[in-house]
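Just below is one structure, and these are the notes that go with it.
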Amino acid sequence: TVRDGSLDVARERAGAIAEAFTAWLEDSQQALRPNQQVTGLVIDPGTGSTGPVSPRRWPYLLGGLLVGLLLGLGVARWRQLADRGVASADELEATTEAPLLGAVAYDRSVQDAPLLTSLSPQHPRAESIRILRTNLQFVDVDHDRTVITVTSAVEAEGKTSTACNLAIALAQSGLRVALVEGDLRRPQLAEQFGLESTVGLTTVLVGRVELDEAMQETEIPGLDVLTSGARPPNPAEIVQTGAMEQLVADLRRAYDIVLIDAPPLLPVTDATILALLSDGALLVVRHGRTGHDQVRAAVERLQTVGATLFGTVLSMSPRRAAGRFGYGYEYATQSTRRRPRRGR
């Protein structure tokens, strides 16, 4: 067997080996077998392979595919680690080209006390929500009754907590507020306020109950909540109906402001539909976790459908990062820390 890059060269060398062997056999037959006559004869010339015998394509193709996959995963992981997330107000404003309306300070007690009603008025989280409320009242001055969708790029950004507390703060300022559960995939409003979840948005949309009957009052004067109702198998389709558009119109007439807690923008399309039905959207971005690419993709989703982005909220921010929007709280805290001198 002879291998060479040229089929003709390989065939010629194979023939030369056969001829050399027969010649050696004739010369050496007396020494090998003195009493026998041994003759060598080439009965068939060397034949070449119909195709290349080396390299074998499939192992190389599979190996290259595996290496390419590993390299791709490595590059994706590197990009994920390199994009450590939005870490400042300036970065967020530059990425979204929208105003930053507030920064909610990180609070370890949020699991035990998620709502403002359980916090003191001087608490940093309560102060940051009030500042967000104040800034929000200036972004849509042309409308007396406003519908706002609160969403985020991905999950676990703090959008539901922001929507609930913003609704509470708006109601505490004297407005009639409706908070709507627009996240029909992972509804949380009923649990947050301790309300009934079986009757809500979906039961109104399918015509089982009237909107007035489905709205539930809360302990906060002026704040009503429309929970999710039964979970539908097709959330995106059910919110993209004329019934949903009519429901939003009815809520707009009945309340000063309507907040819709929507699902994240990137995993599903529900939020873009709800944002288009609203006057605008608030994008909640988690400090240090939400990547710049994710924020840009979320903004592009809103722009694609023609929805308005009122502004952004930086959630779970360190106190220093939230200090830009919490000067009033810091000033009050420092004032209360000053102890009066005792007179002699």
Criterion: surrounded by fewer than 24 Cβ atoms within 10 Å (Cβ to Cβ) and within 28 Å of L175 (Cα to Cα) - qualifying residue of A249, A230, A236: A249
Considering only helices (runs of 4 or more DSSP H) fully contained in the range 111-195, which possess at least 1 residues that are closer than 20 Å to L211 by Cβ? 159-172, 189-193
Taking the criterion of being at pLDDT 95 or above, small (G, A, S) and in a helix (DSSP H, G or I), would at least one residue in the range 215-237 satisfy it? no
From the options P45, P55, residue that is modelled with pLDDT under 75 and not aliphatic (A, V, I, L, M): P55
Can you list residue pairs whose Cβ atoms sit under 6 Å apart, with the first residue in the range 38-52 being assigned to a loop (DSSP other than H, G, I, E, B) and the second being basic (K, R)? Count only pairs 6 or more apart in sequence or on different chains. G46/R11; G48/R11
Mind counting the residues in the range 205-214 that are assigned to a helix (DSSP H, G or I), touching a helix residue (DSSP H, G or I) at 6+ places or on another chain (Cβ under 6 Å) and more than 13 Å from A190 (Cα to Cα)? 2
So which residues in the range 279-311 are hydroxyl-bearing (S, T, Y) and either modelled with pLDDT of 95 or more or more than 17 Å from T162 (Cβ to Cβ) (or both)? T304, T308
Against the conditions (1) touching an Asp or Glu at 6+ places or on another chain (Cβ under 9 Å); (2) modelled with pLDDT of 95 or more, where does D270 fall short? Just the number, please. (2)
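Listed here are the residues, each with its yes/no results for (1) touching a strand residue (DSSP E or B) at 6+ places or on another chain (Cβ under 8 Å); (2) surrounded by 18 or more Cβ atoms within 10 Å (Cβ to Cβ).
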| site | (1), (2) |
| --- | --- |
| K159 | yes, yes |
| A163 | yes, yes |
| I168 | yes, yes |
| L184 | no, yes |
| Q192 | no, yes |
| S197 | no, no |
| T218 | yes, yes |
| G222 | yes, yes |
| L226 | yes, yes |
Scan the range 153-198 for residues that are aliphatic (A, V, I, L, M) and without any contact (Cβ under 8 Å) to a residue 60 or more places away in the chain and report the count. 5
The condition of being within 24 Å of A153 (Cα to Cα) and among the polar types (S, T, N, Q) holds, among Q216, Q240, only for Q240
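The values are calculated or read from the model by the stated rules, or taken from the named source; none is laboratory data. All figures in this text were calculated on a predicted structure; none of them were measured in a lab. Heads up, the Cβs are rebuilt from the backbone with ideal geometry, glycines too, and the neighbour counts pull from every protein chain shown.
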